Protein chains: 4
Amino acid sequence: MLISCPDRRGITASITDFVYQNNGNIEHADQHIDAQSGTFFMRIEWSLDDFKIPAAKMPEKFSPLAKKFAMKWSFFLSDETSRVALFVSKFTAVSQDLLLRHEAGQFRCEIPLLISNHPDAASIAERFGMEFFVFPKTKKNRSRVEKEELRLLRRYKIDTLVLARYMQVLSPGFVRAFPRRIINIHHSFLPAFAGSQPYRQAFERGVKIIGATSHYVTDRLDAGPIIEQDIVRVSHRDSLADLKQKGEDLEKIVLSRALRWHLERKILVYNNKTVVFD
Amino acid sequence: MLISCPDRRGITASITDFVYQNNGNIEHADQHIDAQSGTFFMRIEWSLDDFKIPAAKMPEKFSPLAKKFAMKWSFFLSDETSRVALFVSKFTAVSQDLLLRHEAGQFRCEIPLLISNHPDAASIAERFGMEFFVFPKTKKNRSRVEKEELRLLRRYKIDTLVLARYMQVLSPGFVRAFPRRIINIHHSFLPAFAGSQPYRQAFERGVKIIGATSHYVTDRLDAGPIIEQDIVRVSHRDSLADLKQKGEDLEKIVLSRALRWHLERKILVYNNKTVVFD
Amino acid sequence: MLISCPDRRGITASITDFVYQNNGNIEHADQHIDAQSGTFFMRIEWSLDDFKIPAAKMPEKFSPLAKKFAMKWSFFLSDETSRVALFVSKFTAVSQDLLLRHEAGQFRCEIPLLISNHPDAASIAERFGMEFFVFPKTKKNRSRVEKEELRLLRRYKIDTLVLARYMQVLSPGFVRAFPRRIINIHHSFLPAFAGSQPYRQAFERGVKIIGATSHYVTDRLDAGPIIEQDIVRVSHRDSLADLKQKGEDLEKIVLSRALRWHLERKILVYNNKTVVFD
Amino acid sequence: MLISCPDRRGITASITDFVYQNNGNIEHADQHIDAQSGTFFMRIEWSLDDFKIPAAKMPEKFSPLAKKFAMKWSFFLSDETSRVALFVSKFTAVSQDLLLRHEAGQFRCEIPLLISNHPDAASIAERFGMEFFVFPKTKKNRSRVEKEELRLLRRYKIDTLVLARYMQVLSPGFVRAFPRRIINIHHSFLPAFAGSQPYRQAFERGVKIIGATSHYVTDRLDAGPIIEQDIVRVSHRDSLADLKQKGEDLEKIVLSRALRWHLERKILVYNNKTVVFD
């Protein structure tokens, strides 16, 4: 269960007592108070073995407490499985890495769908046994094509989108259809080097460290809530090609962490920032 | 308050309810369950503004709950101030860094005492306005000298000892007088390169990364519970002197983190490991 | 060209002059002097566009200079392609990552051969279009099996062996057949936690950082010259399974760096250490 | 000796031969070719023990070679000692750390002068035995005050300026008086968060990593050639005060590396980037 609400005396006690009174055994509980805004955040995980409330009744049973503290809350069963669609363009190293990790059991989800604006990725879909769809986009046809994509995503019951170097801007309407459910990997240490050529910009600025950033997609390009970042050192000896090569490893790791945390419901968003309970 | 006990249903609920019923406002609460040993750990911090129980009454009021769950527990007021003695030998860069940090307000403690086996450190004590005592040690006189040291530490009401490159082995009896209150910094990535010449050993093994480790001192040399570690890259270009130089920065940072967490009561020890609630 | 010899005045000048007089254009030159042993190391790369000496004549033409300075030297053409055999056991995430990188053009080599002591890896070989051979090993049959393996490796003209979590000890005779050409990845920060269960050992010691180490295989288990190491932070929250998961990413990256440097002839070994010219 | 020139066949051979013919023994030689601009860079260090050319004659003797290859070059004797002035404002942790390192012999220089726009730093100057001067600045008086500062710097024969959190903008004229000799530490991972409140900006953007950047000061604010950068992880648990605390350690380390490399003449600047020969 993920909860956020204005901070007040007794929130933790009330929630843990609710679980206890209904015979739940708390396995993890993490809380955070944002002092600036006076907001309380909690992630709490309990065993359902002897828990008295069936999942379907939770909204009814929990709502008195939720109302009392003006909570935003959501809960998930750990055997619920997300369905993810992967969006790629021509560069596929990051997406293939993600799919290998998925095969190895790193992600609690299904990834039935590969979507691209280029036909090149078809062989990837075949290798990993996925459905593949190509949607070539132009400025002109974007609005029509996005409608088709949305239809497809609904048909496949997709709840989470991963953009693994998908070099296309999504329209605000499309983004709104998946709020906090579109994860992008940007190949720079945001907010440095937003835009389409981060490695080139980093190379030209002569930085000594490059980075990668995974974030939720919002209306504003490369400005959504940051989920995870990591970096690697570079030097004057590194050519632009070296930067790309070194950065690739970062992108893989940063994106896979972000997706894992998302799927394990460890992320709360507020104020265009994330609370990541690890 | 720091708590550990066998894991059972209802612990968190009972503790948070205890605080709530007595009008405490929880500011931080962190818990951890060690799945292997089935042990529950908690650190909980609450405001005393309207709290009904005065500190002196806490043992009496909390003990029924503690007994019910077989808890080990301790509590501290955040305005209690530790008193620290700093032990050094000839190499003083790490201890001076610690003292500068103390001046800058990084540590919630007083550091009235500098103890060394060499007279060289006298100037440090003068610069930072501390009392200075020299105890030259030999194998022969160790037991007598340690007694004098213990007397001095009692006189100055010292509760925590920091060994900042103090190249002397402490006797088990001395260690027992300050259980989990002697913090050492070892200049390697333990358990690699225990003993007295870690940089030389690292240099000779040709490692590509060196480290520093801060740990509580126990009977067994360099084998106590690890509080913090960090590393830095080295290469074939680095001489032994370069390793020492690079490692020094690590030692400063790792030791200062360990001391800070210790003073803020963020560390629980079990099974020769630490739980560090950050 | 890779060169090592006792340090003396005029080595660099003589070598660079040799290249210059024969119309070579130096593209990279790196040197290192090991002060302790007084040894000079150099890696020098030049363009053959107008170079006067054909590859076949190099030994003859360079030997007077080599003799004068008592050099050990070797040279390679950048279009020479190594042939690599990959050894795996049951855990295949690291080897699959390596093969994806190979497909993406990260390694200047061919990898025609996958060898395992278990049949499970057959599907990997198929996915990546490689030949697959199973050699089940017991203490009893090792010597006979290794002979068969050596025959196979010769048949496939293999010059470099990569052990990607190949949990079998090689005999000294086998190792001697590929001196400084067998690269292993060990899942700890060597010399800490040598042996077969490094993650378990790390978990039990309560370290705050885990590592991975790639090294050349020698007669002594996990004690060969270290090529590359890297680390990742862990905490009390990480279970043994988390350590394995986090470590896996390290293993992939560290092994791929080591193999790349090996194939680009950037590594010189002396004194059981490596000089890695990057 | 530091050299840069258009890349051409025979440069390295000519330089090393020049040293060799004059009985110098090369101790370090590092070269780099910037492929994009076709520029050759070299740093070469040799022993003067039997070297035939006295320092005073070097310009005359080396100039034919320099002309032939259109070199920019400079040379330094390793016993030449730079004279550094330290500029601080109110926050002095970074400058005190620098002075402790200087005492411990980390920097090949003298630091006779502490300059501030506030009187607070006087006690620092006293502690470390330096001359102290206060120059309160306003927009109005800046041009006059800078003139006084320049006079003072000349009087003390200062060649290098270190800005350790000196929160004042220098005029282009002042900067021009010390080209590539003013080192600043900026408390962010540039180019992210330039300007005066980088920690606040980082906090508000919700980044997961913060950084520090040392660079040469040029006309454009926070946009000069980057010498060194480093980073540290942060999380939603870190308050703005925590960011400042964590960042402070970075600032100390990054600034001290940058100054050391500068003093050891390991830095070449071109194209608003640095080549750092380590």
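General remarks:
- Seen through its C-alpha gyration tensor, with square-root eigenvalues sorted a ≥ b ≥ c, the stretch B:9-85 comes out oblate because a/c lies at 1.5 or above while a/b is not bigger than b/c.
- Over chain C: helical MRE at 222 nm, DSSP H runs n ≥ 4 each giving -39500 (n - 2.57), nearest 500: -10000 deg cm²/dmol
- Pseudo-label separations to other copies for residue D:79 - Cα-to-Cβ vector, 7 Å, nm: 5.4, 6.2, 8.1
- Cα→Cβ-extended label distance, 7 Å offset, between residue C:232 and residue B:233, nm: 1.8
- Among residues other than residue D:265 with Cβ under 13 Å from its Cβ, the summed charge is -1 (Lys and Arg +1, Asp and Glu -1).
- Residues considered: B:85, B:202, B:241. Largest GNM mean-square fluctuation over chain B, using C-alpha springs under 10 Å, is found at B:241.
- The charge dipole of the protein assembly as shown, taken about its Cα centre with unit charges on the Cβ of Lys, Arg, Asp and Glu (plus for the first two, minus for the last two), comes to roughly 0 debye.
- Other-chain or far-sequence residues with amide H under 5 Å of residue C:28's (modelled H): C:45
- Restriction of the GluC sites (Glu not before Pro) in the stretch D:64-128 to DSSP coil positions whose beta-carbon has at most 16 other beta-carbons within 10 angstrom yields D:80.
- Summing Cβ point charges (Lys, Arg +1; Asp, Glu -1) relative to the Cα centre of the stretch A:205-270 gives a dipole of roughly 160 debye.
- Chain C, rotation onto B, residue closest to that axis via Cβ, with its distance in Å: C:192, 2
- Think of the stretch B:82-276 as having a plus end and a minus end, set by charges on the Cβ of Lys, Arg, Asp and Glu; of B:161, B:270, B:130, B:270 sits farthest toward the positive end of this dipole.
- For chain D, built as a Gaussian network whose Cα springs stay under 10 Å, the top-fluctuating residue of D:266, D:57, D:244: D:57
- Model label sites at residue D:201 and residue D:58, defined 7 Å from Cα along the beta-carbon direction, differ in position by 4.0 nm.
- Spatial offset of the stretch A:106-137 relative to the stretch B:189-235 amounts to 47 Å, using the alpha carbon center of each.
- Shape of the stretch C:103-198, Cα gyration tensor, a/c cut at 1.5: rounded
- Cβ-based charge dipole, chain C, positive-most Cα from C:173, C:193, C:5: C:173
- At 7 Å out from Cα toward Cβ: residue B:172 inter-copy label distances (nm, ascending): 4.1, 7.3, 7.5
- Contact order normalised by residue count of the stretch C:78-230, Cα under 8 Å, 6+ apart, percent: 21
- Gaussian network model of chain D, springs between alpha carbon atoms under 10 Å - residue of D:257, D:220, D:180 with greatest fluctuation: D:220
- Once backbone amide H atoms are built at 1.01 Å from N, residue B:189 has B:211 as its partners under 5 Å, excluding neighbours fewer than 5 places away on the same chain.
- The gain in end-to-end length when the residue D:221 to residue D:278 segment is fully stretched comes to 17.8 nm, 0.36 nm per residue minus the alpha carbon separation.
- Cα centroid separation, the stretch B:43-58 to the stretch D:71-95 (Å): 53
- Value of relative contact order over the stretch B:1-129, rounded to a whole percent, pairs C-alpha under 8 Å and six or more apart: 24
- Three-way shape label, the stretch B:147-278, alpha-carbon gyration tensor, a/c 1.5: prolate
- From phi via Karplus (6.51, -1.76, 1.60), per-residue ³J(HN,Hα) for the stretch C:74-83 in Hz, x at Gly/Pro: 8, 9, 9, 8, 6, 9, 5, 10, 5, 10
- Residue pairs, from the table A:72/B:52; B:273/C:273; D:72/D:137; B:252/D:266, whose Cα atoms sit over 28 Å apart: A:72/B:52; B:273/C:273; D:72/D:137
- Relative contact order (%) - chain B, alpha-carbon pairs under 8 angstrom, separation at least six: 15
- Extreme residue, positive dipole direction of the stretch C:42-89, given options C:51, C:70, C:85 (C-beta unit charges): C:70
- Partners of residue D:157 within straight-line reach, counting lysines whose Cα lies under 21 Å from its Cα and excluding those fewer than 8 residues away in the same chain: D:147.
- Near-label residues of the stretch B:96-112 by backbone N, under 14 Å of a point 7 Å along Cα→Cβ of residue B:132: B:96
- About its Cα centre, the dipole of the stretch B:82-276 is roughly 560 debye, where the only charges are +1 on Lys and Arg Cβ and -1 on Asp and Glu Cβ.
- In order along the stretch A:161-173, the Karplus-derived 3J(HN,Hα) couplings, from 6.51 cos²θ - 1.76 cosθ + 1.60 at θ = phi - 60°, round to 10, 10, 9, 9, 6, 8, 7, 10, 7, 8, 6, x, x Hz, and Gly and Pro are given as x.
- The share of alpha-carbon pairs in the protein assembly as shown lying farther apart than 45 Å comes to 41%.
- Amide N proximity, the stretch B:175-202 versus residue B:168 label position 7 Å along Cα-to-Cβ, cut-off under 16 Å: B:175-178, B:182-185
- For residue D:122, the point set 7 Å out from Cα toward Cβ sits 3.0, 8.1, 8.6 nm from its twins in the other copies, listed from shortest up.
Computed from the coordinates by the stated procedures, all read-outs in this text should not be read as laboratory data. If you're wondering where the values come from, they're calculated on a predicted model, not measured in any experiment. Please note: Cβ atoms are built from the backbone with ideal geometry, for glycine as well, and neighbour counts cover all protein chains shown.
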